[in-house]
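A short worksheet on the structure shown next.
No lab work stands behind these numbers, since they all come straight from the coordinates. If you're wondering where the values come from, they're calculated on a predicted model, not measured in any experiment. Here the Cβ is made from the backbone with ideal geometry for all residues, glycine too, and neighbour counts use every protein chain on show.
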Number of protein chains: 4
Amino acid sequence: MPTLSSNRYGKARVRLSKITRLETHHVFTEYTVDALLDGAFEATYIDGDNKDVLPTDTIKNTVYALAKSHSLSSPEAFALDLSEHYLKHAPAATQADVSISMRDWQRMSFAGDAHPFAYNGASQELRTTQVIRSKDSMAITGGIAELPILKTTDSAFVGFLKDEYTVLPEERDRIMATKLTATWRYNTSGVDYNHCYTIIRTALLQCFADHQSESLQHTLFAMGTAALEACRAIESIHMVMPNVHNFPFDLGRFGIENKNEIFFPADEPHGYIEGTVTR
Amino acid sequence: MPTLSSNRYGKARVRLSKITRLETHHVFTEYTVDALLDGAFEATYIDGDNKDVLPTDTIKNTVYALAKSHSLSSPEAFALDLSEHYLKHAPAATQADVSISMRDWQRMSFAGDAHPFAYNGASQELRTTQVIRSKDSMAITGGIAELPILKTTDSAFVGFLKDEYTVLPEERDRIMATKLTATWRYNTSGVDYNHCYTIIRTALLQCFADHQSESLQHTLFAMGTAALEACRAIESIHMVMPNVHNFPFDLGRFGIENKNEIFFPADEPHGYIEGTVTR
Amino acid sequence: MPTLSSNRYGKARVRLSKITRLETHHVFTEYTVDALLDGAFEATYIDGDNKDVLPTDTIKNTVYALAKSHSLSSPEAFALDLSEHYLKHAPAATQADVSISMRDWQRMSFAGDAHPFAYNGASQELRTTQVIRSKDSMAITGGIAELPILKTTDSAFVGFLKDEYTVLPEERDRIMATKLTATWRYNTSGVDYNHCYTIIRTALLQCFADHQSESLQHTLFAMGTAALEACRAIESIHMVMPNVHNFPFDLGRFGIENKNEIFFPADEPHGYIEGTVTR
Amino acid sequence: MPTLSSNRYGKARVRLSKITRLETHHVFTEYTVDALLDGAFEATYIDGDNKDVLPTDTIKNTVYALAKSHSLSSPEAFALDLSEHYLKHAPAATQADVSISMRDWQRMSFAGDAHPFAYNGASQELRTTQVIRSKDSMAITGGIAELPILKTTDSAFVGFLKDEYTVLPEERDRIMATKLTATWRYNTSGVDYNHCYTIIRTALLQCFADHQSESLQHTLFAMGTAALEACRAIESIHMVMPNVHNFPFDLGRFGIENKNEIFFPADEPHGYIEGTVTR
């Protein structure tokens, strides 16, 4: 008889927005929530008996109901409360996994003044969090996703291994472009997640900008180190940094010299670099 | 015998990036170009004789070759030069249609200082242009695409027509959210396209923020009027403004009062509003 | 004073599914509907007076309400009825534009027998229609969208125009790949739209497969001619056929001969070919 | 000093197509390959010394070079050979992870006859494989991804857990729709991967169609059990089955009875169900 060796269920892409009306301005928050449970749910999988299954429709409703009384001061804080609620209300669940991504809505600014209630969707960049909670443990991560960054110099790639299919020229001055995804693991709860987010984000970008890069791997490690130095509350940081190529276009065929000026960016194929830096 | 009543061909999604190295900093520009020709190309369609067809591969190469000596000071300027080149080199073409969208790469800023060569992809917003040129005429448009904007108040929708399938409640205070696409037609060439872009963009956003909206249509017309007032060099502006709904979530079922605070945003279906405002 | 020189509004991406329970099996239909109105709607745009505006929420509800009693025998038939309804219920509208795309759900088949109620989403191909109706005129189109087709031989591209940026080699045997979008205009109403769809689709594909192609343009015209021959009820057909390139990969650098066998497919940039063939 | 606690790099989205010219017809194959290495690459991450790094450009070239002499008889066979090659040519790598997805190109068929060299892209469904290989171990999976399946009856969801936010009605006859992703792990190498793929795919679909479903979880387990019964060469199967909701549309507001006929499909939010069934 086959067995159910792993299982997980829940609701994905639950989209929530909230207006908090302050005296001077409105705060508009938009989250997308994934909430998943795993545990002793064999009865529904094997026997079709749903007595332990909190419906995914309920999991969704809970997001909106809890958002009403919650400050949504940070996605981490909301994920912590949601995950605690789910564990209480679905006794068969041994683990709740709540992920939130937050859109970057910024108040419009005119002549230096922030508008009290008009926003623009400033960036495709997302702020992310994931809380994985069981009865007696909890893992909290914060993160950034989908942030395009690029530098036009101070990036090299030389001295690499060569085999019969290696034709890549050594390059001391190239464009380095990536779409950054970083997730860091907090070593404690109760920290100021918004402050940590801000200083880690700045540390990552400043290191990316200033690093004398010998490879994308080299820069990834330096960025991770900078993040760990910037924020004592995190124990490790995982980064995924695709190498989004900008290839020099061959103008020599037309008698034109391309002095490292004219490129064609390509989304596929792309290099793929990932790594975890741990304190 | 069937006839060829319309025809067009060219290359789409030609992606170009360029580094211009100034003394104090680098300028990084990324364009995506579509270049299409139409004209007396019946020989290839009907007889398979390609003698008049400039290959789409050549159309692509031209983008890179011309970019080398061009300043790329504005997408409009580059589209004008490209379209002129194509008309000259493909004598059978009676019209060249060159569209460019420009990604919003912004120099990173640390402690108030712009970094000399590091950029982040600030927004999904695109700046666009289209030049349609024939031997003796030319139409130039500038534009904005894919810009998410939103306001949390000063938006109403009441007093509308009702029929047997109308259940929408009248609403005096609702979220208004859209993803703005605007294209404006210049009434002359040789204007300062970058300045026009900036003042039109600001006029559109400021009007969106400040308008007492009775409908998305109402705001669209006001925004168009504001753009025409801001910039004398344009004769008309076309806008597409989908109504990206943020629906109040029904918390009453749980004994919770939703005082216009908790919403679910939905991408589909969406309202669709478009209009052209002409001087 | 600026004027409103064009306007249009409605609901887009209205998704509808219906089960029709027959004695032997169920018919499952999934449509996505866009329904747009234009006309004398200046009052809402200019003055914010919505008295003539049938809400887009109502436009959406109407899709579901009419679907209940409608057979949905073809997307054309449903678009015709919807557009008539909208014109009646929004007196300020001078034109209704209803577009429908239909997903290709196919009954699963086991050992040659169609299952009575299980389906798989067979293809990304969509069947499309658009009805544009005013008080005294009507234009009906049928169509196919997003259909990837490809042939590995009988496709050439030689004898083309050359300029200083032309390096493309002449090629007598290449892959021809495209993602077909075709829309044909009916010259009358009341035809058997399902039969027309089937014979036009077959004519297009068979011509694509059998044509000795000298260019994608050449094949486009032949396909259009074949469609007009196959179905007397259409007066013209418009086709968009991007040239989805499969480039030979340069293996010569590794001492390997690539006898037109190994390619890399690329989505961007792509050739773009369109044309209309008229009876 | 921070440490590099995990690392991986390679090339993603390498797209390959190949024509194999048989006497009676052409075989056209299209793969997308991701090839990743991990191992003792600290020198590049920490010190910027790339001497152990086989460039991702080389990793890409290898795909095309090996495809030339390889039969591509199955994606599994090609992934096995690629992974072996990479381990040999990058001595610092302790593990190679090669994933391939194969597009479903089908020969066109006219009057029952398969065309010798014309294809259509039959489905968005992908056949997948992943080979993870180290010096002395190897894990081989096969799979299906992105296959939309749906049934219009024989699906219920009743008797579930209820809490204060549960309003979902019990439902004995509902639409069950999902987009199936399944990956199965082979317990040996050298099996007939194509035959296994075919019989597992059929077993999954037939079970989905015939199962009296009490929940999507219930059907997932039954499908996994059916796959294990159909093919002795696999030891486990993992499935992800989002619950793509088709909600009944409330027509009662208009005095129309919706007898479980009229629905609106929604992509987000969606239920999310996953599980692994092991022999």
If Rh is defined by the Kirkwood formula over all Cα pairs and Rg also comes from Cα, what ratio Rg/Rh do you get for the range C:147-278? 1.06
To one decimal in nm, how far is D:K68 from the same spot in the other copies, if labels go 7 Å from Cα toward Cβ? Please give the shortest first. 3.0, 6.7, 6.8
Where GluC sites (Glu not before Pro) fall in DSSP loop in the range B:229-276, at most 14 other Cβ within 10 Å: B:E257
Tilt of helix C:193-210 relative to the longest C-alpha principal axis of chain C, in degrees (0 to 90, nearest 10)? 10
Mind checking the angle between helix D:56-69 and chain D's longest principal axis? C-alpha axes, 0 to 90 degrees, to the nearest 10. 90
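Please pull out the direction-averaged projected area of the range B:81-208, using the convex hull of its alpha-carbon atoms, in nm² to one decimal place.
Numbers: hull surface 55.7 nm².
Its Cα hull, projected and averaged over all orientations, spans 13.9 nm².
How large is the helix-only mean residue ellipticity at 222 nm for the protein assembly as shown, computed as the sum of -39500 (n - 2.57) over DSSP H runs with n ≥ 4, divided by its residue count, in deg cm²/dmol to the nearest 500?
Values: 16 runs with 248 residues, N = 1116.
Only helices count here, giving -7500 deg cm²/dmol.
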Please turn the phi angles of the range C:229-243 into ³J(HN,Hα) values with the Karplus equation 6.51 cos²θ - 1.76 cosθ + 1.60 (θ = phi - 60°), one per residue in order, whole Hz, x for glycine and proline. 5, 6, 9, 6, 7, 10, 9, 7, 9, 10, 10, 10, 10, x, 8
So what's the net charge close to B:K11: Lys and Arg +1, Asp and Glu -1, counting the other residues with Cβ under 15 Å from its Cβ? -4
Note, the range B:37-43: 3J(HN,Hα) by Karplus (6.51, -1.76, 1.60, θ = phi - 60°), whole Hz, Gly/Pro = x, goes 10, 9, x, 8, 9, 4, 4
The long-range amide H neighbours of A:T94, using H built 1.01 Å from N in the peptide plane and a cut-off of under 5 Å, are A:D38, A:G39, A:A40
Within a 10 angstrom radius of each residue's Cβ in D:204-216, how many Cβ atoms of other chains show up on average? Whole number is fine. 4
Partners for C:K18 among lysines (Cα-Cα distance below 29 Å; same-chain residues under 8 apart left out): A:K11, A:K60, B:K162, C:K60, C:K68, C:K88, C:K179, D:K151, D:K179, D:K259
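Report, to two decimal places, the Cα Rg of the range B:9-135 normalised by 2.2 N^0.38 Å (N = number of residues). Walk me through the numbers on the way to the answer.
On the way: Rg = 17.4 Å, N = 127, 2.2 N^0.38 = 13.9 Å.
So the range B:9-135 has a normalised radius of gyration of 1.26.
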Can you compute the label reach from C:S189? Point 7 Å from Cα along the Cβ direction, backbone N cut-off under 13 Å, restricted to the range C:120-163. C:131-141
Shielding by other protein chains, C:218-225, mean Cβ within 10 Å: 5
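Take B:H195, A:H238 and order them by how many other Cβ atoms sit within 10 Å, fewest up front.
On the way: B:H195 12, A:H238 19.
With the fewest neighbours first, B:H195, A:H238 line up as B:H195, A:H238.
Order by neighbour count: D:H26, B:H85, fewest other Cβ atoms within 10 Å first, most last.
Fewest-to-most ranking of D:H26, B:H85: D:H26, B:H85.
Which loop GluC sites (Glu not before Pro) in the range D:9-78, with loop taken from DSSP, have no more than 13 other Cβ atoms within 10 angstrom of their Cβ? Don't jump to the answer; show the numbers that get you there.
Values: sites: D:E23, D:E30, D:E42, D:E76; in loops: D:E23.
Taking the range D:9-78 and a limit of 13 other Cβ atoms within 10 Å, the loop GluC sites (Glu not before Pro) found are D:E23.
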Cβ-placed point charges (K, R +1; D, E -1), dipole of chain D about Cα centre in debye, nearest 20: 820
Anchor A:K135: aspartates and glutamates whose Cα lies under 20 Å away (excluding residues fewer than 8 positions away in-chain): A:D34, A:D38, A:E42, A:D52, A:E76, A:D81, A:E84, A:D97, D:D163
Could you tell me whether the range C:167-217 comes out rounded, prolate or oblate from its Cα gyration tensor? Rule is a ≥ b ≥ c as square roots of the eigenvalues, rounded for a/c under 1.5, then prolate if a/b exceeds b/c, otherwise oblate. prolate
Farthest towards the positive end of the dipole of chain B, among B:I256, B:Y86, B:H211 and with Cβ unit charges of +1 on Lys and Arg and -1 on Asp and Glu, lies the Cα of B:Y86
What gaps in nm, shortest first, separate B:P91 from its twins in the other copies when you place the label 7 Å past Cα toward the beta carbon? 6.2, 6.4, 8.9
Quick one: label points 7 angstrom along Cα→Cβ at A:D250, distances to the other copies in nm, smallest first? 0.3, 6.4, 6.4
Can you tell me the orientation of helix D:75-89 relative to chain D, as the angle in degrees between its alpha-carbon axis and the longest Cα principal axis, to the nearest 10? 30
The protein assembly as shown: Cα Rg divided by the 2.2 N^0.38 Å rule of thumb: 0.93
Nitroxide proxy distance, nm - points 7 Å out along Cα→Cβ at A:V158 and B:D136: 6.0
Short version: ³J(HN,Hα) in whole Hz for each residue of the range D:156-167, in order, from phi by Karplus 6.51 cos²θ - 1.76 cosθ + 1.60 (θ = phi - 60°), x for Gly and Pro, what are they? 10, 8, 9, x, 7, 5, 10, 10, 5, 9, 8, 10
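So which trypsin sites (Lys or Arg not before Pro) in the range C:57-136 pass both tests, a DSSP loop state and at most 11 other Cβ atoms within 10 Å of the Cβ?
On the way: sites: C:K60, C:K68, C:K88, C:R103, C:R107, C:R127, C:R133, C:K135; in loops: C:K135.
Filter output for the range C:57-136: C:K135.
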If you build the Cα gyration tensor of chain C and take the root of 5 times each eigenvalue, what three semi-axes come out, in whole angstrom, biggest first? 41, 26, 18
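Over the whole of C:22-34, what's the average partner chain Cβ count within 10 Å per residue? Rounded to a whole number, please.
Values: counts 0, 0, 0, 1, 3, 1, 7, 0, 5, 1, 3, 1, 2.
Taking all residues of C:22-34 together, the mean is 2.
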